[in-house]
Amino acid sequence: MKLGFLIGFAALAIDPSYGCRSETFHFGTTEMRAAVEGTWKLSLPETHDAPAHMYMFQITAAKAEQQAPPRSLIQNAHACGDRTLVRSASACEPRSFMPLELANVAGDGRLEVDGYELDSARLELDIDGRHIIARLDSHGVVQDITDGADLVRVFL
């Protein structure tokens, strides 16, 4: 009993992410890009501090040079199951992030997927000082969105 405990403790001390490696991701950059890249139309309702507005813009994955982590003499702590398509540290929750670029509108965004499957994704957009959160299915169809906004992908 003590030997098993000591071996387990030693494994965690040597590699803290040891217990988080039982699953693998069943999607990657290609699937995330397919779910979000393209032309979108966003309609925002009037608020007490902003008029109603409609935007037409393109979403693309941020370029690699914008995703690159800063160089450091100290290696980053990479916890298990989390990826930004640029690594970041976190606990053992499987989560993927993709920074996004928006064209034809002042703003930026990111796509976040929880889990090992791309069943749905959280799309966060910051456009002209307004923060919009939408839930997309794996095909990029909006399932729900915040605050009465309307977001649709436009196929030209």
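The values are calculated or read from the model by the stated rules, or taken from the named source; none is laboratory data. Everything numeric here is computed off the predicted structure, so don't read it as measured data. Heads up, the Cβs are rebuilt from the backbone with ideal geometry, glycines too, and the neighbour counts pull from every protein chain shown.
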- All positions within region 130-146 that are touching an Asp or Glu at 6+ places or on another chain (Cβ under 9 Å) and surrounded by fewer than 16 Cβ atoms within 10 Å (Cβ to Cβ): HIS131, ILE133, ARG135, ASP137, GLN143
- Among residues of region 30-46, those that are free of Cβ contacts under 8 Å to residues at least 40 places away in the same chain and outside any helix (DSSP H, G or I), counted: 2
- Note on the structure: Of the residues in region 126-142, those that are within 13 Å of VAL36 (Cβ to Cβ) and hydrophobic (A, V, I, L, M, F, W, C) come to ALA134, LEU136, VAL141, VAL142
- Message: Here are the criteria: (1) touching a Phe, Trp or Tyr at 6+ places or on another chain (Cβ under 8 Å); (2) surrounded by fewer than 16 Cβ atoms within 10 Å (Cβ to Cβ). Tell me which single one ARG122 does not satisfy.
- Response: (1)
- Of residues in region 97-119 being touching a strand residue (DSSP E or B) at 6+ places or on another chain (Cβ under 6 Å) and closer than 16 Å to ASP144 by Cα, the one surrounded by the fewest Cβ atoms within 10 Å (Cβ to Cβ): GLU112
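Among the strands (runs of 3 or more DSSP E) lying completely within region 67-156, list those that include at least 3 residues that are modelled with pLDDT under 55. Give the derivation first.
On the way: elements: 95-103, 107-114, 120-127, 130-137, 142-145, 150-154.
Ranges flagged: none.
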- Pairs with Cβ under 8 Å, 6+ apart, first in region 132-156 and over 15 Å from LEU118 (Cα atoms) and in contact (Cβ under 8 Å) with a residue 24 or more places away in the chain, second among the hydrophobic types (A, V, I, L, M, F, W, C) and assigned to a loop (DSSP other than H, G, I, E, B): ILE132/ALA149; ARG153/VAL141
